[in-house]
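This report concerns only the one structure given below.
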Amino acid sequence: MRKFPFLLFFLLFIASTLLGQKDIRTISGYIKDAASGETLIGANVYINELGTGTTSNEYGFYSITLPPEQYTIQYSYLGFVTVTQKIDLKENIKKDVELGMESTELMEVVISSEAENANVSDIEMSVNKLDVSTIKKMPTLLGEVEVLRSIQLLPGVSSVGEGASGFNVRGGSIDQNLVLLDEAPVYNSSHLFGFFSVFNPDAVKDVKLYKGGIPSRYGGRLSSILDVRMKEGNSKKMELNGGIGAIFSRFSVEAPIVKDKSSFIVAGRRSYIDVLAQPFLNEDLEGSALNFYDLTLKTNWGFGEKDKLFLSGYLGRDNFGFGDDAGFNWGNATTTLRWNHLFSDKLFSNITLYFSDYDYQIKFGSEADNRFNWDARIKNYSIKPEFTWFLTPDNQIRFGGQSIIYNFEPGNAVGVSEGEITDLTVPEKYGIETAIFVENEQNVNEKISINYGLRLSHFNYTGKGTAYEFENDFIPGVRRRAISSQSYDQWESIKTYVNLEPRFSLKYQMDQSKSFKLSYNRMTQYIHLISNTAASTPVDIWTPSTNNIKPQTADQVALGYFQNFNDNKYELSAETYYKKLDHLVDYIDGADLLLNEFLEGDLLEGRGRAYGLELMLKKNEGRLNGWISYTLARSERQVDGINKGEWYPSRFDQTHNLSITGFYDLNDRWAFSANFVAISGTPTTFPTTRIQQQGYIIPVNVNEDRNNVRIPLYHRLDLSATLQGKKNNQRRWQGEWVFSIYNVYSKRNPFSIFTRQGDAGITEAVRLSVIGNFIPSVSYNFKF
């Protein structure tokens, strides 16, 4: 009950900001790209006379309320021509603005699309935004532009190794990242076991990563939110984009349905390694599949000046088939329907409905009497109404809620041997997650800005199904037995959880070029990825919080210093953070995680902590630009039954992480880029002694230490050169050749190290490297 007086106090504090308002008027509208009609996210609206302003939201909408006077308003977006207009604000005005691209002079090259001093002046901290044009300039693996690989060059973001699916943020596991594509969650964000992401660069508009200071409108994961927004489609004219590479190609088409009112985009990719390999396969492997594909589409339609609908979808799949005898495939499917509505010039709403589905399928055998089929999936259905109230230039309030229905299918498995059927199916599980939230962004004075909010979340683990009770008097680290069970009907409540999640951010503006920022957030996660491998695999399963599995929680505090130099040409940021995690899921030794109805008896509960320092120096403009990122961090766990109950480094603990990213434009045709990374090795567990029995050498970890050694240092250099086609203003076709080398000096970076018994009974350590040589590639990209 103590939570509710605090909530009442919070709402009263917001209400107090509404008192004493004077006679005011509102100017509002959308800010768009003049060439394509795409709305611009985060465009700047600045009032010269007042020295204040606002930015456009995720849909390009802005609203600013002022006393009735004459004003000079500047609309700007880095890389676009600034538009300045005189406004006599006698009444409410709707003002849509289109910004044109700046001419591409050599010395005006930029690598950011935010306001020039946004890193200093915005209240956001622990947030990184990558423009798609920047991502496309980076060196590529096999010629494919990569969203997820690009964000791993930012401070606080890492991966456990080459080809690992997903990413790790500030000491968290990969399931603690909420990856959103047009607000729908993507449960496996990688193709080809982690080498490529599911995001087609031709369809991506904006990429934003929240590592801390997470606003209350987001929830459901502990470590980060990766918010990927799709393009809406060119509403001015038809545009074709594509790329042809050595092993896969992509193509997109976007065009107006009704000019300046409705548009669409359709983008597809497919690899064709299997097609190229077909002539070289023997008869047993004919018809084999080794490919991935994805299809992304979006359309929108405006109904008058106050309403707009967006419909977007994604379908992607990886296929590995070996003739007719064996096959393995997995994929994501999402659909998002959004409705923007303006209740007034100051009240903007968006209602989102989405469907998300991730599944995998495994099969062995083609005979009806001898075969094995196994599939699993997680499905979501959600509705999320969200409202933004542009109260004053110094006060913006967001509020809303969300409800998510989960359907977990841990495994539908049927084996047939000589006609005898064995059903290994694990029953489905269900859950309903709901939340309400409110947040207020407020400029207290010229120097202090705050963003404070609350999120109240609720999770209901429901039937249909059987809930088990496991023994409480047990030895930590040993499998627990089920001692009772109870059956529940469909949607009958089994166990509920309620959590209050406060969020707070503060900015102190020292002067125009320097600021301090502080943030705190509490996050709660109600679903868990069950995996005890070094890296995530497509067959890992998700499970809800139950009567035996508590929701994971995390509290994080961060402090940062931000400064710009030389008229915003250079940016410096330094952040330190501490994160405390509770109710983390771990596993007993020898845990049986797949097709196990009594899985909860093999799980352990632990806690974690992560802390570190993140530094970033960035050069935004000029012929040579880029950034240097360095992270010093620790990530640790403590679990009763593991490592004698003492703290130990997590599997994704990396003490040092250095990345250098550079771009150089030689002239109007040739451009070069390079990435260099050097990362401390991740921990792993080695035996500390051995015993000999009947001629066999058996390695033993006598002290039961977890993650007691480290894999050697990882380092890699990538290079890229881009040759633009000759410019011809009379021709719409634009093309470019991209030449890349991944892992230039052929470093055999270890993914893992394991022990085995070699010749003469000698135990040897074996280093597994996923990529051991340099990989050159050539691709051709075009636009028409």
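The values are calculated or read from the model by the stated rules, or taken from the named source; none is laboratory data. Quick caveat, the model's predicted, so the values are computed rather than measured. Here the Cβ positions follow ideal geometry from the backbone for every residue, glycine too, while neighbour counts run over all protein chains shown. Surface accessibility is based on the protein's heavy atoms, side chains included, excluding ligands, DNA and RNA. Shrake-Rupley method; radii C 1.70, N 1.55, O 1.52, S 1.80 Å.
The table for this structure:
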| read-out | value |
| --- | --- |
| Tilt relative to the chain, helix 3-16 - C-alpha long axis, 0 to 90 degrees, to 10 | 20 |
| Whole-Hz ³J(HN,Hα) from phi, Karplus 6.51 cos²θ - 1.76 cosθ + 1.60, for the range 263-268, glycine and proline x | 8, 8, 9, 10, 9, x |
| Per-residue ³J(HN,Hα) for the range 78-84, Karplus 6.51 cos²θ - 1.76 cosθ + 1.60, θ = phi - 60°, Hz, x for Gly and Pro | 4, x, 10, 6, 5, 10, 10 |
| Modelled FRET efficiency - R0 56 Å, Ala35 with Ser417, Cβ distances, 0.05 increments | 0.35 |
| Dipole magnitude of the chain about its Cα centre (Cβ charges: Lys, Arg +1; Asp, Glu -1), debye to nearest 20 | 1940 |
| Additional length obtainable on full extension of the chain from Phe516 to Thr84, 0.36 nm per residue less Cα span | 152.5 nm |
| Lys/Arg +1, Asp/Glu -1 at C-beta; the chain dipole; positive extreme among Leu593, Val120, Ser635 | Val120 |
| Nearest-10 value in Å² for the accessible area of Phe195, using the 1.4 Å probe | 40 |
| Percentage relative contact order, the range 294-359, counting C-alpha pairs under 8 Å, at least six apart | 28 |
| Listed residues Asn443, Tyr664, Thr336: farthest to the positive end of the dipole of the chain (Cβ charges) | Asn443 |
| Solvent-accessible surface ranking, highest first, for Leu154, Leu617 at 1.4 angstrom | Leu617, Leu154 |
| Probe 1.4 Å, all protein chains present, accessible-area order of Val700, Val557, Val145, largest first | Val557, Val700, Val145 |
| For the chain, share of DSSP beta bridges that run antiparallel, in % to the nearest 5 | 95 |
| Nearest-10 value in Å² for the accessible area of Leu153, using the 1.4 Å probe | 10 |
| Distance between modelled label sites at Lys569 and Glu49, nm, 7 Å Cα→Cβ extension | 3.5 |
| Difference of contour (0.36 nm per residue) and Cα-Cα distance, Ser493 to Trp647 | 51.8 nm |
| Solvent-accessible heavy-atom area per residue, rounded to whole Å², over the range 127-783 at 1.4 Å | 42 |
| Mean residue ellipticity (222 nm) of the chain, computed from DSSP H runs ≥ 4 via -39,500 (n - 2.57), nearest 500 | -1000 deg cm²/dmol |
| 5 angstrom amide H check on Lys346, placed H, neighbours 5+ away | none |
| Dipole moment magnitude, nearest 20 debye, the range 568-662 about Cα centre, only Lys, Arg, Asp, Glu C-beta charged | 920 |
| Residue-level accessible surface for Met101, protein heavy atoms, 1.4 Å, Å² | 120 |
| Sequence-separation-based contact order of the chain, relative, with Cα cut under 8 Å and 6+ spacing, percent | 11 |
| Phi to ³J(HN,Hα) by Karplus 6.51 cos²θ - 1.76 cosθ + 1.60 over the range 323-332, Hz, x for Gly, Pro | x, 9, 8, 8, x, 8, 8, 8, x, 10 |
| Amide H within-cut-off set for Thr462, under 5 Å, with H built and near neighbours excluded | Tyr430, Gly431, Ile432, Ile494 |
